[in-house]
Amino acid sequence: MALRREMNSSPSEDVSILSSGVKIEGKITSEGNVRIDGKVVGDVIINGNLTLGESSEVKGQIKANNLVISGKVEGTVNAESKLVLEASSNVKGDIFTKVLVIEEGAKFDGKSSMSGSSQFKSAPKPDDKNVPENQK
């Protein structure tokens, strides 16, 4: 049965789906909403909502407006508004978002920032001028 789109629906309500069993190597970009249930090796840049299903695996940087993760992610995650780590999620990498929801059972190994900044600020490195000679 073919999907039917009503005359009043906007493109932002449509959802592009990458089904389980599908593997993509390379960058994925979309102006609309996306659901990934397959595997992606590369960056995922979505100007809409992104849902990563339980069978999803993403190795690369992820950026979306709102993001729900139920699968596995290895890489930096940037959700402009809200990030939800569901109980089955496994995230290895740093996350940036304004609102963070972590369900019981979710696995997260990395740093998180909720300041709206898209980068972590690392500690300043000491100057050679300020380091004693015996420590150089």
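The values are calculated or read from the model by the stated rules, or taken from the named source; none is laboratory data. Small disclaimer: the values here were computed from a predicted structure and weren't measured. Positions of Cβ are generated from backbone atoms using ideal geometry, with glycine treated the same way; all protein chains shown enter the neighbour counts.
Here are the numbers for the structure shown:
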quantity	calculated
In the stretch 98-136, residue nearest to the chain's Cα centre (by Cα) [restricted to those that are modelled with pLDDT of 95 or more and on the phi > 0 side of the Ramachandran plot]	Gly110
Answer residue from the stretch 43-52, given it is assigned to a loop (DSSP other than H, G, I, E, B) and in contact with a Ser or Thr (Cβ under 8 Å, 6 or more places away or on another chain) and is surrounded by the most Cβ atoms within 10 Å (Cβ to Cβ) among those	Gly48
Selected residue [modelled with pLDDT under 95 and touching a strand residue (DSSP E or B) at 6+ places or on another chain (Cβ under 7 Å)] from Ser56, Ser70, Ser16	Ser16
Pairs with Cβ under 9 Å, 6+ apart, first in the stretch 55-68 and under 20 Å from Val99 (Cβ atoms) and free of Cβ contacts under 8 Å to residues at least 12 places away in the same chain, second crowded, with 18+ Cβ neighbours inside 10 Å and polar (S, T, N, Q)	none
Contacts under 6 angstrom Cβ, first residue in the stretch 25-39 being under 14 Å from Gly60 (Cβ atoms), partner of a type in the set (Gly, Ala, Ser) and surrounded by 18 or more Cβ atoms within 10 Å (Cβ to Cβ), 6 or more apart	Ile36/Ser56
Options Lys23, Lys82, Lys39; residue that is among the basic types (Lys, Arg) and under 20 Å from Lys98 (Cβ atoms)	Lys82
Residue count for the stretch 17-37, restricted to those that are exposed (fewer than 15 other Cβ atoms within 10 Å of the Cβ) and farther than 16 Å from Ser70 by Cβ	8
Matching entry among Val40, Val99 (being surrounded by fewer than 18 Cβ atoms within 10 Å (Cβ to Cβ), aliphatic (A, V, I, L, M) and assigned to a strand (DSSP E or B))	Val99
Positions within the stretch 81-96 being crowded, with 17+ Cβ neighbours inside 10 Å and assigned to a strand (DSSP E or B), in sequence order	Leu83, Val84, Leu85, Val91, Ile95, Phe96
